[in-house]
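Taking it in order: structure first as structure tokens, then the write-up.
Derivation of every value follows stated rules applied to the coordinates shown; laboratory data play no part. This one's a predicted model, so the numbers in the text were calculated from it and none came from an experiment. Note that we place each Cβ from the backbone using ideal geometry, even for glycine, and neighbour counts take in every protein chain shown.
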Amino acid sequence: MELTGRTEQRDRTEQRDRTEQRDRTEQRDRTEQRDRTEQMDRTEQMDRTEQMDRTERTELRESAEGMCPARASRAFALSDRESLISRLESVGRIPDFEYLRAPQKGLIMVRGRAGGAGRLFNLCEALATRCSVRVNRRCGHAYVLGDDPAKALAAALASALYLDPDYSGKMASVVLELEGELDRKRELARRKAMETKVEFFTLARGEDDD
């Protein structure tokens, strides 16, 4: 009986050891599987990020290739002074330049069209500042609304650098960023205007039957 008891005890101990060993093995396998899954997820995330970056660079290049100087000048003129100057400084050191026309203010005639598509008519006069510079044999011109010599100079410099092959890629990115900022501001203004929109309608009063 004593021998049988020791045998059963040994069997239980061995069974427990095998169970613990199996549990440790399964735990290790699960951990390794989780690590492999996480590694695969990180790899896929990196691949998606790289693909998105390549797509964005491709779209940016295609958009820049089809961008005309007038579109760039418009973005420079309509953007905020601080936003334009900060982005202009981000492209690197600004080369030396010479004034073709120092910033000067004056009145310009604002014209409109009747109904948006009719004949032109003189609407009003507006204060504007103009400036022209030459940078690396490239000429840049700018007209901005208001009395703002700093913005006029920045817009003229940006227009000249946009025409410079050494800066055109960076300046195309600046144009796209400024256009995005302008679009967001227009959308915000539209939403604020819609909050005050009033729907006018007419109620027809019916005649009494009697």
task: Using R₀ = 45 Å, calculate the FRET efficiency as 1/(1 + (r/R₀)^6) where r is the Cβ-Cβ separation of ILE108 and ARG48; round to 0.05.
output: 0.35
query: Most exposed first by the Cβ proxy, i.e. fewest other Cβ within 10 Å, how do SER79, SER173 rank?
result: SER173, SER79
statement: Here, trypsin sites (Lys or Arg not before Pro) of the range 60-145 satisfying both criteria (DSSP loop; at most 14 other Cβ within 10 Å) are ARG93, ARG119, ARG137
message: Full-extension gain between THR19 and THR196, please, as 0.36 nm times their residue separation minus the C-alpha to C-alpha distance.
response: 56.4 nm
query: Can you tell me the Rg and the Dmax, both Å, for the Cα atoms in the range 69-185?
result: 15.0, 47
